[in-house]
Amino acid sequence: MWIPYVSQVCTADIGGPKNKLQFSWTSQMNARLFCGNANTKQDFTELVDVATVHGDQQEAKIYALFRNEWDMSAVCVYSLRDIRDIFMTSAFKDQATDDRQRELDKKRKQCVRDSSMQHIDVLNSIESRSAEMMDWVQPASGSGPILFKHHNYTHIYVDASHPRANGHHVVMFLSLSDGRIHEVVQTEAHSFIIAEYHPFRNQPHITSISLDTSSKKL
């Protein structure tokens, strides 16, 4: 079974000292990604590809492409703000049982200038206890998955620069395993396939997608 996670590591993390976690991240924290419908028990756990729509640091969106065992694909949208909030506010999965452990957990979440100089108690806590957060990252604004039945998508590219009367709509380009590409429009109410492209005569496996934003050429 696939289990999708998002991880956070401090940019200055160089590992622990020579005798403790020298070749390991000391700041890594992991949070489970949820994509599915809790009411119907339908979920998507195989993370296939991701695309980022850049706004400011708080409003950036992550479009994650998933698959499940029933030959269905889905896209779930997460906000960078929500992901950061999970790492800041959630307890670790191995819950602290006393005030000392809770204090060590707070220190584990802090980025330090020199990770190799951390107190031995902090390093022992990092080594012995799970880095997984208790809370899961949910899709942004309570949105559900964008479902695609019987399509084996392999890559995703997202263009959020399309204007409309009341804001912007999002266009997703999703490649299939046989070399075709679907263009999908996402509005607040619906998502639908508006075009199918056959860029190659044969059926190659597409490894990446990019879009020239000025000419709108894929």
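In the range 62-82 there is at least one residue that is farther than 30 Å from residue 150 by Cα and out of contact with any Pro (no Cβ under 9 Å at 6 or more places or on another chain).
From the list 155, 151, exactly one residue is in contact (Cβ under 8 Å) with a residue 60 or more places away in the chain and touching an Asp or Glu at 6+ places or on another chain (Cβ under 7 Å). Which is it? Don't jump to the end; show me each part of the working.
Details: 151 fails: touching an Asp or Glu at 6+ places or on another chain (Cβ under 7 Å).
Only one candidate passes the filter, namely 155.
Across the range 29-42, what is the number of residues that are assigned to a loop (DSSP other than H, G, I, E, B) and touching a residue at least 60 places away in the same chain (Cβ under 8 Å)? Result for the range 29-42: 2.
Does the range 57-69 include one or more residues that are aromatic (Phe, Trp, Tyr), over 27 Å from residue 106 (Cα atoms) and under 13 Å from the mean Cα position of the chain (by Cα)?
Yes, the range 57-69 has at least one match.
From the list 98, 105, the one residue that fits, being surrounded by 16 or more Cβ atoms within 10 Å (Cβ to Cβ) and over 24 Å from residue 173 (Cα atoms), is 105. For the range 43-63, the criterion of being part of a loop (DSSP other than H, G, I, E, B), touching a residue at least 60 places away in the same chain (Cβ under 8 Å) and exposed (fewer than 15 other Cβ atoms within 10 Å of the Cβ) is met by none of the residues.
Each row is one residue, and each column tells you yes or no for (1) without any contact (Cβ under 8 Å) to a residue 24 or more places away in the chain; (2) surrounded by fewer than 17 Cβ atoms within 10 Å (Cβ to Cβ); (3) touching a strand residue (DSSP E or B) at 6+ places or on another chain (Cβ under 8 Å); (4) under 30 Å from residue 23 (Cβ atoms).
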| residue | (1), (2), (3), (4) |
| --- | --- |
| 128 | yes, yes, no, yes |
| 139 | no, no, yes, no |
| 142 | yes, yes, no, no |
| 172 | no, no, yes, no |
| 190 | yes, yes, no, no |
| 202 | yes, yes, no, no |
| 212 | yes, yes, no, no |
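Between 78, 5, the distinction of being hydroxyl-bearing (Ser, Thr, Tyr), modelled with pLDDT of 95 or more and over 30 Å from residue 116 (Cα atoms) belongs to 78 only. Checked against (1) without any contact (Cβ under 8 Å) to a residue 24 or more places away in the chain; (2) closer than 18 Å to residue 8 by Cα; (3) out of contact with any strand residue (DSSP E or B) (no Cβ under 9 Å at 6 or more places or on another chain), residue 105 meets all criteria but (3). In the range 144-156, of all residues being crowded, with 19+ Cβ neighbours inside 10 Å and under 17 Å from residue 177 (Cα atoms), the one that is modelled with the lowest pLDDT corresponds to 148. Restricted to the range 72-183, the set of strands (runs of 3 or more DSSP E) holding at least 1 residues that are of a type in the set (Ser, Thr, Tyr) comprises 72-79, 153-164, 167-176.
Looking across the range 1-42 at every residue that is surrounded by fewer than 18 Cβ atoms within 10 Å (Cβ to Cβ) and among the hydroxyl-bearing types (Ser, Thr, Tyr), the one that is farthest from residue 132 (Cα to Cα) is identified as 40.
The values are calculated or read from the model by the stated rules, or taken from the named source; none is laboratory data. Because the structure is a prediction, the values reported are computed rather than measured. Neighbour counts are summed over all protein chains in view; Cβ atoms, including those assigned to glycine, are modelled from backbone coordinates with ideal geometry.
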